[in-house]
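Only one structure is covered here, and it is reproduced in the block below.
Any read-out appearing in this document is the output of simple, stated calculations on the displayed coordinates, not a laboratory observation. Just so it is clear, the structure is predicted and the values come from calculations on it, not from any experiment. Don't worry about glycine lacking a Cβ; one is built from the backbone with ideal geometry, like all the others, and counts go over all protein chains shown.
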Amino acid sequence: MAIAHSSSTEKAFAPAKKSTRTAYFLLAPGILWLLVFFAFPLINLAETSTKTPAPTFETGEFVQTFRFANFFDAFAANQEQFFRSFFYALCATLLALAIAYPLAYAIAFRSGPWKNFLLVMVIAPFFTSFLLRTLAWKQILGAEGPVVSTLQFLRILPSDATITATAFSVIMGLTYNFLPFMTLPIYASLDRIDYRLLEASGDLYANGATTFRKVTLPLSMPGVVAGTLLTFIPSSGDYINAQLLGSPDNFMIGNVINSRFFRVVDYPTASSLSFILMATILVLVVIYIRRAGTDELV
Amino acid sequence: MAESKKVQGDLVLEHVTKTFGDFVAVDDLSLVIPKGSFFALLGPSGCGKTTTLRMIAGLEEPSSGKIKIGDTDITTTKAYERPVNTVFQNYALFPHLTIFENVAFGLRRRGIKDVEEAVEKVLNLVELSHLKNRKPGQLSGGQQQRIALARAVVNRPALLLLDEPLGALDLKLRRQMQIELKWIQTEVGITFVHVTHDQEEAMTMADTIAVMNNGKIEQMGSPADLYENPSTVFVANFLGQSNFIEGSVTGTDGDNLVVDLKGSKIALPKSRNNAKGNVLKVGIRPEKFRLHQANEKVSGNVLSGGVITDISFFGVSTQYLVEMPWKQELMVFEQNDGGVPELEKGDPVALSWEPQFTFALDGNSN
Amino acid sequence: MIRIYAAAAVFYILLPIFYTIAFSFNDADKRNIVWRGFTIQAWLNPCEPIGICEALGNSFKVGITATIAATALGTMIAFALGRYNFRGRATTNLLIFLPMATPEVVLGASLLSMFININVGAGLVPVIIAHIMFCISFVVVTVKARVASLDPKLEEAARDLYASDWETFRRVTFPLVAPGIAAAALLAFALSFDDFIITNFNSGTVNTFPEYVWTASLRGVPPQANVIGTLMFVIALVSVFAGQAISKRKQTRR
């Protein structure tokens, strides 16, 4: 018994070095992977951005000339798509927020025995390919689908109008795709609220609506922030929804980047665009987080 | 911001019952708490005291019965419409608001615009004015507790409910807060209803105590009444400790009953007898006993032939266990003031006590 | 009121899924857009369209490999973050957070760019590499939450009862964190299986299932794709409910 005790006291006084060594050992493989396959490619992307076509004019051949003007050229040529991307992403985020918050609230506070089932239903879309889902929307909203027929029948829509191939359907697609990403963090935040705080609020003369405004809503903010970020960021870079549910008039910056990589082999432009997109998002996110005031995100 | 009709008066509970499915938490409770008093609901976990408190607060609705303040029936009034405020067990301070805003919360909800003065006043009352811009997370437990109190008191409710508010504090702080709470109550004059399982706390602070068990009130009265003259075994054992010895009435002697206690004759004042028949459970508190060595001259009620089987030192007092000839172990507390000679395990002793401290319950009671 | 809204919202969420399931039973022409009649033909011949089952197989290959690797790497990082003190914590957190904040287009493009520059051809291997990369962050976040909620007193109690570091980990820490690791693995697999953009950038001529659907969408998605989609949905749904039932039974038995 004396032996076991002495070894446990040894561990209690073990120098921090041992713990730190284990920590680095645990971190190393994953961090290395991220450095090599995330950080380095991004640096590489920046480097590619400043290249220009090789003197040989061979397709796919570029030389490094540090042409920073590439960024300006790329942005100028695709301003429309940039602004459109952020506009669509903003609309989708706001729409998703409007749909998701009441849903998350209902699940957290009003669902009773249905809670688990509802949560599974919220993540159910993850269980099917999102391409199939988006194609399904294309069908549902398409010219031969039920929605258009019904709306035309009710004379709300003129007989030659379509819903697909419009900004509306692209935004709708984006909203639908990222709805779980908005709902779950908000739900998690709401679920975490100590119900006794809500009782205290009632005890202090706040009725249901006031309690929501003054207690529930502020306390759910971390979830709202997380949800909006998880929706806005991927939405701004998306191109699937625009391709499937929109027309070339609705193309986003993601579409341009994709085509510059594969259709028109113009790596510097594609890289510049990617870089500008990422930089813009980072700036917006930092400003947003500062304003919203959450400390820890991960 | 007019206080249109100030609801005030005694708190009255009439035949209040609360059931949760098959479980009866509060069983036909009727109670009057006088305005301005410090009232304690005392009882073990699960006795229904917290449920009763929540019904008064409006956080639960009674299954049947009425709750009134003065003449106003508040049974179905929502919590946010009642002039009742609660100090919650875990304080329930809003983590996203400053201390100032926490305290001002109730005032603002009632439409009062100028909250500065009232909030400052009550923060000074609890001596935490310097923390008004901090957030609850930055305060210690004791400080949070005082803020929770301030947040409730600032609204001048007709009734202030306290749900075991001192449970999370260490002993010294608890004692300090007990004194402070009592002082604040007298200062402010609001009716306090304090729920606790700590009998010492209830006895120190309350004007009136109601001891609850299994959803019913066992006995209600002043701390001294309940302590010196308990009417049930439960109350006798919940407040302090008691020794119960079986005996039977054999006669009377003036204002006293003569009781045969395991062969010895002792005197029991008639006023302290709660038994119906002649078979009694005679109760004597441990601190009322006096220990005497075998050959001492002793007066009062006496039980002799005991042997000390255990001695425990409590600082202020010493606890002795004395085995009597009929094989029952009696508990004796003696103050360590030099009045008792050095005793050891195995010493023969006799026990005496003043007859006026005897009380008796029905021989068949539990 | 709000409950009706919740029901409506759930209906909205499930609508495209119902459509997908329904049209797997369609007697389809080339495009499978208009309902022509009920048939189970697609279900009987799920691999008939060229390349569909190969793509599905690729998705599984990539998914399983990436899940195992990402879960292992991510769990280790989560433990390091949750249990140890070390310098560079803020940088590590940033490095974990950034991939989640980067649009897939950028991730895919940058990887492709790099692979081109070092002359590595496109194919399944770059895809697996990419998937491991973006799944690590999600695994870390999921497992870290679970590690953080673990009471350190439990491990202290184990050591007090003569368990070595390894035994403590094996008998106390790991079993308690295991549900979080399982959840992270499921999440990683779901993300990998359903990934399109990053995969599309790096896979070249090889196809995963989402890529198959994408290419098919230009000429007409066969109902067999719906069949596979339905199967995945049902399997996932059943496993989730089964998992919940099992954990509920475990709790009541104790």
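From the P(r) of the protein assembly as shown, can you give the percent of Cα pairs sitting at distances over 36 Å? Before the final figure, lay out the partial values.
On the way: 271141 of 420903 pairs.
In whole percent, the share of Cα-Cα pairs in the protein assembly as shown beyond 36 Å is 64.
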Quick one: order A:PHE262, A:PHE71 by neighbouring beta-carbon count within 10 Å, fewest to most.
A:PHE262, A:PHE71
Which residue fluctuates most in the GNM of chain B (Cα springs below 10 Å): B:GLU344, B:GLU164, B:GLU120?
B:GLU344
Simple SL model, points at 7 angstrom along Cα→Cβ for B:GLN328 and B:PHE23; separation in nm is 3.6
Computed label-point distance, nm, for sites A:GLU61 and C:LEU237 using a 7 Å Cα→Cβ extension:
5.6
Find which of C:GLY88, C:GLY121, C:CYS135 sits farthest along the positive direction of the dipole of the protein assembly as shown, computed with +1 on the beta-carbon of Lys and Arg, -1 on that of Asp and Glu, about the Cα centre.
C:GLY121
Please identify the DSSP H helices in chain A that span no less than 20 Å along the helix axis (Cα) and have a mean Kyte-Doolittle hydropathy of -1.0 or more.
A:16-34, A:79-109, A:167-191, A:221-237, A:267-292
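As a test of the formula, what do you get for chain B when each DSSP H run with n ≥ 4 contributes -39,500 (n - 2.57) and the sum is divided by the residue count, at 222 nm and rounded to the nearest 500 deg cm²/dmol? Walk me through the numbers before you get to the answer.
Working: 8 runs with 80 residues, N = 366.
That comes out to -6500 deg cm²/dmol.
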What average count of beta carbons from other chains do you get within 10 Å of the Cβ of residues in A:92-99?
1
Within the stretch A:143-185, list the residues whose amide N lies under 12 Å from a label point set 7 Å along Cα→Cβ of C:TRP35.
A:145-147
For C:71-84, what's the mean count of beta carbons from other chains sitting within 10 Å of each residue's beta carbon?
5
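List the chymotrypsin sites (Phe, Trp or Tyr not before Pro) within the stretch B:234-330 that fall in a DSSP loop (any state other than H, G, I, E or B) and whose Cβ has at most 16 other Cβ atoms within 10 Å.
On the way: sites: B:PHE234, B:PHE238, B:PHE244, B:PHE289, B:PHE313, B:PHE314, B:TYR320, B:TRP326; in loops: B:PHE289, B:PHE314, B:TRP326.
Sites meeting the loop and neighbour criteria: B:PHE314, B:TRP326.
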Which GluC sites (Glu not before Pro) does the stretch B:1-67 hold that lie in a coil by DSSP with at most 15 other beta carbons within 10 Å?
B:GLU3
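Sort out the exposed loop trypsin sites (Lys or Arg not before Pro) in chain A (DSSP loop, at most 13 other Cβ within 10 Å) and tell me the longest stretch that has none. Provide the component values of the computation, followed by the final result.
On the way: sites that count: A:ARG155, A:ARG192, A:ARG263.
With trypsin sites (Lys or Arg not before Pro) excluded where exposed in loops, chain A gives A:1-154 as its longest stretch.
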Calculated from DSSP H runs of 4 or more alone, at -39500 (n - 2.57) each and per residue, what is the 222 nm mean residue ellipticity of chain A, nearest 500?
-22000 deg cm²/dmol
C:ALA178-A:GLU80 FRET efficiency (beta carbon distance; Förster radius 60 Å; 0.05 resolution):
0.75
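Note the per residue figure in Å³ for the convex hull of the C-alpha positions in chain B. Could you put the intermediate results ahead of the total?
Numbers: hull volume 62.4 nm³, N = 366.
Measuring per residue, one finds 170 Å³ for the Cα hull of chain B.
Using a ≥ b ≥ c from the Cα gyration tensor of chain C (square roots of the eigenvalues), is it rounded, prolate or oblate, where a/c under 1.5 gives rounded and otherwise the larger of a/b and b/c decides, a/b for prolate?
Working: a/c = 2.35, a/b = 1.47, b/c = 1.60.
Oblate shape, in that a/c is at least 1.5 and b/c is the bigger or equal ratio.
Tell me whether the stretch C:112-224 comes out rounded, prolate or oblate; compute the Cα gyration tensor, take square roots of the eigenvalues as a ≥ b ≥ c, and use a/c under 1.5 as the rounded threshold. Can you show the working numbers first?
Numbers: a/c = 4.21, a/b = 2.45, b/c = 1.71.
Prolate.
I need the calculated FRET efficiency for the pair B:ILE112 and A:GLU47, taking r as the beta carbon distance and R₀ as 56 Å, to the nearest 0.05. Can you show the working numbers first?
Working: r = 64 Å, r/R0 = 1.14.
After rounding, the FRET efficiency stands at 0.30.
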List the Cys residues of the protein assembly as shown that have no partner Cys with a C-beta closer than 4.7 Å.
A:CYS91, B:CYS47, C:CYS135
I'd like the distance separating the alpha-carbon centroids of the stretch B:77-118 and the stretch B:138-194, in whole Å.
15
Looking at B:ALA202, B:LEU59, B:GLN241, which one has the Cα that reaches farthest to the positive end of the dipole of chain B (charges on Cβ: Lys, Arg +1; Asp, Glu -1)?
B:LEU59
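Equivalent-ellipsoid semi-axes (√(5λ), Cα gyration tensor) for chain A, whole Å, largest first? Could you put the intermediate results ahead of the total?
Details: eigenvalues 320, 261, 64 Å².
Each semi-axis is the square root of five times an eigenvalue, giving 40, 36, 18 Å.
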With a point put 7 Å past each Cα toward its Cβ, work out how far B:THR250 is from A:VAL264 in nm, to one decimal.
11.9
Taking a straight Cα-to-Cα line shorter than 18 Å from B:LYS6, and setting aside same-chain lysines fewer than 8 residues away, one finds B:LYS35, B:LYS68, B:LYS78
Treating only the Cβ of Lys, Arg, Asp and Glu as charged (+1, +1, -1, -1), what charge dipole size does the stretch A:34-160 show about its Cα centre? Round to the nearest 20 debye.
660
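Counting other Cβ atoms within 10 Å of each Cβ, which GluC sites (Glu not before Pro) in the stretch A:41-82 have at most 12 and sit in a DSSP loop? List each step's numbers first, then the result.
Details: sites: A:GLU47, A:GLU58, A:GLU61, A:GLU80; in loops: A:GLU58, A:GLU61.
Sites meeting the loop and neighbour criteria: A:GLU58.
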For the stretch C:1-38, list residues with backbone N below 18 Å from a point placed 7 Å from the Cα of A:PHE153 toward its Cβ?
C:34-36
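Over the stretch C:1-64, what portion of Cα pair distances is larger than 19 Å, expressed as a whole percent?
Details: 1106 of 2016 pairs.
The calculated P(r) of the stretch C:1-64 puts 55 percent of pairs beyond 19 Å.
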Give the Cα extents of the stretch B:241-362 along the principal axes, in whole Å, largest first.
40, 25, 24
What is the average number of partner chain Cβ atoms found within 10 Å of a Cβ in C:129-140?
3
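Given 0.36 nm per residue, what is the gain on full extension from B:LYS265 to B:ASP73 after removing their alpha carbon distance, in nm? Present the calculation step by step, with values, prior to reporting the outcome.
On the way: separation 192, 0.36 × 192 = 69.12 nm, distance 5.45 nm.
That works out to 63.7 nm of additional length.
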Select from B:PRO83, A:PRO248, C:PHE174 the residue farthest towards the positive end of the dipole of the protein assembly as shown; place +1 on Cβ of Lys and Arg, -1 on Cβ of Asp and Glu, and compute about the Cα centre.
A:PRO248
Efficiency by 1/(1 + (r/R0)^6): what FRET value for B:SER317 and C:TYR162, r their Cβ-Cβ distance, R0 = 30 Å, to the nearest 0.05?
0.10
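Under a point-charge model restricted to the Cβ atoms of Lys and Arg (+1) and Asp and Glu (-1), what is the dipole moment magnitude of the protein assembly as shown relative to its Cα centre, in debye to the nearest 20? If you can, show how the numbers build up before the last one.
Numbers: 78 positive and 76 negative charges, 326 e Å.
Charge dipole, the protein assembly as shown, about its Cα centre: 1560 debye, nearest 20.
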